Amino acid sequence: MAVKPIYGVGLDAGSRRTRIVVCAIESGSVRLLGSSSAPSAGWLKGRIADPGAVAQTIRTVLREAEAAAGVSVEAAVVGVGGSTVRGANGRGVIELGHLRAIEQRDINRVVDRASNVVLQEDRMVLQMFPQDFVVDDHPGHRDPRKMLGSRLELNVHLVTASTQEHTTLVGAVNEAHLLVEESVFEALASCYACVLPEDRREGIAVVDIGAQSTELVVYYGDAMYLASAIRICGDHFTRDLAQALCISFEDAEQLKIEFGGAAADNCPENVLVEIPTPDHRARQAPRRFLNQVLEARAVELFRYVRNELARVGMDRSLMGGVFLTGGGARLPDLCDVAERELQCQARYGLAIGIRDWPEDMEDPEWSAAAGLAMYSARLRAQAERQQEQAGWLGRILK
């Protein structure tokens, strides 16, 4: 009997570009089947302003990806980001009544307690990440089953989002005739794609720099310590250039792409660049000046990141380094500024572990979409295993 293929689909609906990746699990590994990317529409300052325009963009990339992959896509894991996403620590506690061995049902109960939190209006729990279990005031346990104890606690990190923004995004995806399997914090998806579990042992951070939002996740071992949004994003770099050179935002974006860099000292002083003007008059500016403007904003970005790291006691503790993802991470020399400000190694976060991944997609802007597709493939593989374990009744109800 032919084995039913397992597909994974990730949708990264960004404010500047919308990307989709379609993968399949073959022989225990993930292989790329198709992908697509298109300019986004319907976004304003990192939020959906026109759901219909967002849905139309999703339909466009979906059709192209289906044609490239040769499969019909019905559902996807969707990335969620923006300034409304926040992280907070939580705790669940249960009393076992007397000293006894901890069982799976106790784990389930304490997880329910930890996830049952009272949130502010317009807030929802997007994801919950266990950090460690505490057995009779002894912390640091990853799996307390079969341990003896009378009290069990669970420390978690909760990622929350705006209910309204999340509902609007899901509605736009549904309008594009696509079901949402699960919604995942975009920086986490990037981490899933570009950071190996062994790299997280001594502490890592992923900074996902988008056009209108920047997200951050911090891991130490298997525990997530922080998920947050940073107020500096890619458009701030462009806007600084536009104001400094008295040009339009579009012209500033083009100059940033062609001549920009985050380290002014790497640029010779005598290099000049042509500055666009409405009346086409000849106008030039030192390239070093452009890079000084961009470097100042890059320094500010990573100082915000450092403040977030200090908030959870991880400043100068990232032995695994920092990974830069997102379209904004493509600015040359940005890793140098990150290393200088954060006092740790920095590198671009590129998707790993997907076969047939083309060279032109070896780019940090594809990391989130790749991670979402890998996450989707894992979810579907787990569901398939559960159906098989359910036996003949599971196959009947399938």
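The table that follows gives values for the structure above.
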{"read-out": "Pairs, first on the phi > 0 side of the Ramachandran plot in the range 109-126, second at pLDDT 90 or above and open to solvent by 100 Å² or more (accessible area, probe 1.4 Å), C-beta under 8 Å, six or more apart", "value": "122/164"}
{"read-out": "Enumeration of residues in the range 226-269 that are farther than 30 Å from residue 312 by Cβ and outside any helix (DSSP H, G or I)", "value": "246, 247, 248, 260, 261, 267, 268, 269"}
{"read-out": "Residue 110 being in contact with a Phe, Trp or Tyr (Cβ under 9 Å, 6 or more places away or on another chain) and either modelled with pLDDT of 90 or more or not hydroxyl-bearing (Ser, Thr, Tyr) (or both)", "value": "yes"}
{"read-out": "Conditions (1) farther than 25 Å from residue 259 by Cα; (2) free of Cβ contacts under 8 Å to residues at least 24 places away in the same chain; number of the one not met by residue 339", "value": "(1)"}
{"read-out": "Residue count for the range 345-361, restricted to those that are without any contact (Cβ under 8 Å) to a residue 60 or more places away in the chain and either within 16 Å of residue 12 (Cβ to Cβ) or open to solvent by less than 30 Å² (accessible area, probe 1.4 Å) (or both)", "value": "1"}
{"read-out": "Within the range 97-173, strands (runs of 3 or more DSSP E) holding 1 or more residues that are open to solvent by 50 Å² or more (accessible area, probe 1.4 Å) and basic (Lys, Arg)", "value": "148-162"}
{"read-out": "Some residue of the range 84-95 being modelled with pLDDT of 90 or more, more than 18 Å from residue 150 (Cα to Cα), surrounded by fewer than 12 Cβ atoms within 10 Å (Cβ to Cβ) and over 24 Å from the mean Cα position of the chain (by Cα)", "value": "no"}
{"read-out": "Residue match in the range 286-302 (condition: without any contact (Cβ under 8 Å) to a residue 60 or more places away in the chain, among the hydrophobic types (A, V, I, L, M, F, W, C) and in a loop (DSSP other than H, G, I, E, B))", "value": "no"}
{"read-out": "The range 52-69 residues that are over 12 Å from residue 21 (Cβ atoms) and in a helix (DSSP H, G or I), paired with ones that are open to solvent by 10 Å² or more (accessible area, probe 1.4 Å) and charged (D, E, K, R) (beta carbon under 6 Å, 6 or more apart)", "value": "55/175"}
{"read-out": "Flag for residue 186 being farther than 19 Å from residue 90 by Cβ and either open to solvent by 50 Å² or more (accessible area, probe 1.4 Å) or of a type in the set (Phe, Trp, Tyr) (or both)", "value": "no"}
{"read-out": "Neighbours by Cβ (under 6 Å, 6+ apart or cross-chain): first from the range 152-178, of a type in the set (Asp, Glu); second assigned to a strand (DSSP E or B)", "value": "153/93; 153/134"}
{"read-out": "Residue match in the range 310-323 (condition: open to solvent by less than 10 Å² (accessible area, probe 1.4 Å), of a type in the set (Ser, Thr, Tyr) and either on the phi > 0 side of the Ramachandran plot or not in a strand (DSSP E or B) (or both))", "value": "no"}
{"read-out": "Selection status of residue 29, open to solvent by 20 Å² or more (accessible area, probe 1.4 Å), in contact with a helix residue (DSSP H, G or I) (Cβ under 7 Å, 6 or more places away or on another chain), polar (S, T, N, Q) and over 24 Å from residue 218 (Cα atoms)", "value": "no"}
{"read-out": "Contacts under 7 angstrom Cβ, first residue in the range 262-276 being closer than 23 Å to residue 251 by Cβ, partner surrounded by 12 or more Cβ atoms within 10 Å (Cβ to Cβ) and at pLDDT below 90, 6 or more apart", "value": "275/283"}
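The values are calculated or read from the model by the stated rules, or taken from the named source; none is laboratory data. Here the structure is a predicted model, which is why all the values come from computation and not from measurement. Virtual Cβ from ideal backbone geometry, glycine too; neighbours counted across all protein chains shown. Ligands, DNA and RNA are stripped out before the accessible areas are found, and what is left, the full protein with its side chains, is counted by its heavy atoms. Shrake-Rupley method; radii C 1.70, N 1.55, O 1.52, S 1.80 Å.
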